[in-house]
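Below is one structure; the comments refer to it alone.
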Amino acid sequence: MEKVKVLIIGSGPAGFTAAIYTSRANLSPVLYEGIEPGGQLTTTTEIENFPGYPEGITGTAMMEDLKKQAMRFGADVRRGIITDIDLSQRPFRVKVDHEHEIEAEAVIVSTGASAKYLGLESEQKYRGMGVSACATCDGFFYRKRDVAVVGGGDTACEEATYLASICRKVYLIVRKNYLRASKAMQERVFNTPNIEVLFEHNTAEVLGDEGGVTGVRVVSTSGEERVLDIMGFFLAIGHHPNVEVFKGQLELDEQGYIKVVPGTSKTSVEGVFAAGDVKDPHYRQAITAAGSGCIAALDCERWLLAQ
């Protein structure tokens, strides 16, 4: 049975930032990268809104920089997935890949949240080449171009209106014959002249070539097909936090995100802290995730000192 002081679960901006801070505090953190090493940012081509990169940087390169920085200060970064965890008593007992057992004095959860996709083969083919699940992250690359957003809730309407401020035309593809968004968000959409709402339409196929997305084929509920000439295809049909292994052990909100004490990273279990998108249904940005990773590391350090 391996014993560690701080176990960090997840390797996005939150996890690596927590690793940097806990390493510098001589807490010898062990970080498991999880099912998607580097997190969601590794599926993003260019990042231009993270401070410190004036020329922009790819998501993969930025995560590699964060990983190297954490390792420079002594973080033990490992490949592996946490398959079982017992938070009912301390030290916490953890299994990695169903085999390796660890006892951890403190745990920082930074497993992120995964965007929901339609499940189309063509959608996956052009992921990062015009297909995106974050308009605020990638919308800038489609300035004065035509784009499409899929979804009918508040997030979809918010992303459509944001894109409308920088893009030439925005198609909002809605499966139902109404918007689920709040009345205020609906009014914003209907009052934005360059947004065209396509009610009762489903995406059949994302079209493209070696350069990326060139269009999307949609089908109405009456069976009528239409091809939209677009360069950006944005999914806004929700996210699901990666909390499966923690269900029944950590308190979650109504959307399934880990609940923390407001203004902190403290979860419902003493000694367990949460950072990044796994506890953030609102912002979901790399910079806010990194900031919350810092908060989790500091909360963890102070808690361990008090023990």
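Work out the length of the dipole vector of the chain about its Cα centre, built from +1 on the beta-carbon of each Lys and Arg and -1 on the beta-carbon of each Asp and Glu, and round it to the nearest 20 debye.
Details: 32 positive and 41 negative charges, 106 e Å.
Computed about the Cα centre, the dipole is about 500 debye.
For the chain, take the longest principal axis of its alpha carbons; what is the angle in degrees between that and the long axis of helix 13-24, to the nearest 10 within 0 to 90? Result, in degrees: 20.
In the range 117-235, inverting the average of 1/r over every pair of distinct C-alpha atoms gives 13.9 Å as the Kirkwood radius.
Note on Lys183: aspartates and glutamates with a C-alpha under 13 Å away, same-chain residues under 8 apart excluded, are Asp154, Glu158.
Treating the Cα atoms of the range 186-268 as identical point scatterers in vacuum, please give the log10 of the normalised Debye intensity I(q)/I(0) at q = 0.16, 0.17, 0.20 Å⁻¹, two decimals. Values, matching the q order: -0.81, -0.84, -0.93.
Gyration tensor over the Cα atoms of the range 56-149: the corresponding equivalent ellipsoid has semi-axes (square roots of 5 times the eigenvalues, largest first) of 36, 19, 12 Å.
Quick one: net charge around Gly34, please, counting Lys, Arg +1 and Asp, Glu -1 for every other residue with C-beta under 12 Å from its C-beta. It works out to a net charge of -2. Two numbers describe the Cα atoms of the range 1-83: Rg and Dmax, which are 13.0, 46 Å.
Find out how many positive minus negative residues lie around Thr22, taking Lys and Arg as positive, Asp and Glu as negative, among other residues whose Cβ is under 14 Å from that of Thr22.
Working: positive: Lys5, Arg24, Arg72, Arg302; negative: Asp76, Glu105, Asp299, Glu301.
Net charge in that neighbourhood comes out at 0.
Cross-link pairs exceeding 21 Å between alpha carbons, from the set Lys68/Lys259; Lys67/Lys116; Lys67/Lys266; Lys116/Lys176: Lys68/Lys259; Lys67/Lys116; Lys67/Lys266.
To the nearest 500 deg cm²/dmol, what mean residue ellipticity at 222 nm is calculated for the chain from DSSP H runs of n ≥ 4 alone, each contributing -39,500 (n - 2.57), summed and divided by the residues?
Values: 7 runs with 75 residues, N = 307.
Taken over the chain, the calculation gives -7500 deg cm²/dmol.
Dipole magnitude for the range 1-89: computed about the Cα centre from +1 point charges on Lys and Arg Cβ and -1 point charges on Asp and Glu Cβ, it is near 440 debye. This ranking places Leu207, Leu172, Leu41 by how few other beta-carbon atoms lie within 10 Å of each, fewest first, which gives Leu207, Leu41, Leu172.
Since every read-out is calculated from the coordinates, none of them should be taken as a lab result. Since the structure is predicted, the reported quantities are computational estimates derived from the model, not experimental observations. Reconstructed Cβ throughout: ideal geometry from the backbone, glycine too, with neighbour counts over all protein chains shown.
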